[in-house]
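K.L.:
The structure under discussion is supplied below as structure tokens; questions concerning it will follow.
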Amino acid sequence: MQVFIAKDAAAAAVKAADIVEGVVRSRLRPRIGMATGSTMVGIYRSLVDRYQAGALSFSGTSVYLLDEYVGLEPRHPQAFRNVIRTGLADHVDLGDDAVFGPDGRAPDLEAEAWRYDQLVTKARIDIQLLGIGSNGHIAFNEPGTPFDEPSSVVALCEQTRSDNARFFDSIDDVPSLAITQGIGTILQAKKILLVALGKHKARPIRDALEGPVSVETPASAVQLHADVSVVVDREAASLLSTARPEG
Ligand code: GLP
């Protein structure tokens, strides 16, 4: 596992975008697993800047969402598909048909989760971006989720709903269900890029990287993967015990 400590959030976004760019450049048909959340905003902005400067093309690239809320209109600003569209795809050479995600309004949600699981497995993701929840979740796999559970429909815990309430008018508007890639599905990606910013991520990052591999900290599953890069700012790195150079 490679851990990069950046001096601040802006430097972390650039470092993470460098890693994504490296993968995009090295593949003919790159397949990128994309996360949402505030941590990802600067990374996608940096990728857009590179495209607009003529330095990077996403031609041939496919994007696969990590998760999706259940029940939101496709054009709802917080529907993850829309977040990726407005934050990245609309500004680069990525058509709508190059972005795949679970349909959170499918009539049979369990069947939809399974369909998406198969799609992601078949795609063989080249790099999967991950944020981390304040309770150590990855995607929407909450503490206690078995690592081998496939993509599924999950109930969001109150901590996650309250963390994400800032994106909605009120906590009552935060969906209580989501479709998420399973941890095992995520670990099938050839490479994992975990990014965390801010003091509130220091504890979950320490638990994920230095704690036991445990379902109580879903992000600790990354310790089981052979190719993981972690990009954190100084605040998120502040509880790591191992001295690591800034990069
Ligand atoms: C949501 C997403 C996760 C993300 C997490 C952290 O719950 N499902 O994929 O990692 O939020 O978000 P943020 O980056 O806003 O802290």
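K.L.:
Along the charge dipole of the chain, which of GLN118, PHE58, ALA236 sits closest to the positive end, that is, farthest toward it, with unit charges on the beta carbon of Lys, Arg, Asp and Glu (+1, +1, -1, -1)?
P.N.:
PHE58
K.L.:
Using a simple charge model, +1 on the beta-carbon of Lys and Arg, -1 on the beta-carbon of Asp and Glu, nothing else, what dipole does the chain show about its Cα centre, in debye to the nearest 20?
P.N.:
Once rounded to the nearest 20, the dipole reads 900 debye.
K.L.:
Counting only protein heavy atoms, what percent of the accessible surface of the stretch 1-67 is carbon or sulfur at a 1.4 Å probe?
P.N.:
The nonpolar share, carbon plus sulfur, comes to 49 percent.
K.L.:
Is the C-alpha gyration tensor of the chain telling us rounded, prolate or oblate? Criteria: a/c under 1.5 is rounded; beyond that, a/b larger than b/c is prolate, otherwise oblate.
P.N.:
rounded
K.L.:
Now, a different point. Loop-only trypsin sites (Lys or Arg not before Pro) in the stretch 64-100, please: DSSP not H, G, I, E or B, and at most 15 other Cβ atoms within 10 Å.
P.N.:
Sparse-neighbourhood loop trypsin sites (Lys or Arg not before Pro): ARG75.
K.L.:
Let me ask something additional. What's the center-to-center distance, using Cα atoms, between the stretch 164-179 and the stretch 78-124 in Å?
P.N.:
First find each Cα centre; the distance between them is then 19 Å.
K.L.:
Once you place label points 7 Å from the Cα toward the Cβ at SER26 and ASP173, how far apart are they in nm?
P.N.:
Distance between the two pseudo-spin positions: 4.2 nm.
K.L.:
With the Cα gyration tensor of the stretch 69-208 giving a ≥ b ≥ c as the square roots of its eigenvalues, does the rule (a/c under 1.5 for rounded; else a/b larger than b/c for prolate; else oblate) give rounded, prolate or oblate?
P.N.:
Rounded shape, in that the Cα axes give a/c under 1.5.
K.L.:
Report, to the nearest whole %, how much of the accessible area of the stretch 114-230 belongs to carbon and sulfur atoms, 1.4 Å probe, protein only.
P.N.:
53
K.L.:
List the GluC sites (Glu not before Pro) within the stretch 151-247 that DSSP assigns to loop and that have no more than 14 neighbouring Cβ atoms inside 10 Å.
P.N.:
Loop-located and lightly packed - GLU216.
K.L.:
Show me, for the stretch 172-183, the HN-Hα J-couplings you get by feeding each phi into the Karplus relation (A = 6.51, B = -1.76, C = 1.60, θ = phi - 60°), rounded to Hz, glycine and proline as x.
P.N.:
Karplus values, whole Hz, x for Gly and Pro: 5, 7, 6, x, 9, 10, 8, 9, 10, 4, x, 5.
K.L.:
Something else: Among the aspartates and glutamates, which fall within straight-line cross-link reach of LYS122, defined as a Cα-Cα distance under 16 Å, with same-chain neighbours fewer than 8 residues apart omitted?
P.N.:
Straight-distance partners of LYS122: GLU112.
K.L.:
Using R₀ = 22 Å, calculate the FRET efficiency as 1/(1 + (r/R₀)^6) where r is the Cβ-Cβ separation of LEU119 and ALA165; round to 0.05.
P.N.:
Using R0 = 22 Å, I get an efficiency of 0.15.
K.L.:
I would also like to ask the following. Scan the chain and note any complete DSSP helix (H) whose C-alpha atoms cover at least 15 Å along its axis and whose Kyte-Doolittle average is 0.0 or more.
P.N.:
Those that pass (Cα extent of 15 Å or more, hydropathy at least 0.0) are 9-26.
K.L.:
Accessible area per residue, 1.4 Å probe, Å², for the stretch 89-247: what's the number?
P.N.:
Value returned for the stretch 89-247: 43 Å² of accessible area per residue.
K.L.:
To the nearest 20 Debye, how big is the dipole of the stretch 31-97 about its Cα centre, given +1 on the beta carbon of each Lys and Arg and -1 on that of each Asp and Glu?
P.N.:
Dipole about the Cα centre, nearest 20: 160 debye.
The values are calculated or read from the model by the stated rules, or taken from the named source; none is laboratory data. This is a predicted model, so every value here is computed, not measured. With ideal geometry, Cβ positions are generated from the backbone for all residues, glycine too; neighbour counts draw on all protein chains shown. Calculation scope for accessible area: heavy atoms of the full protein, side chains included, ligands and nucleic acids excluded. Shrake-Rupley method; radii C 1.70, N 1.55, O 1.52, S 1.80 Å.
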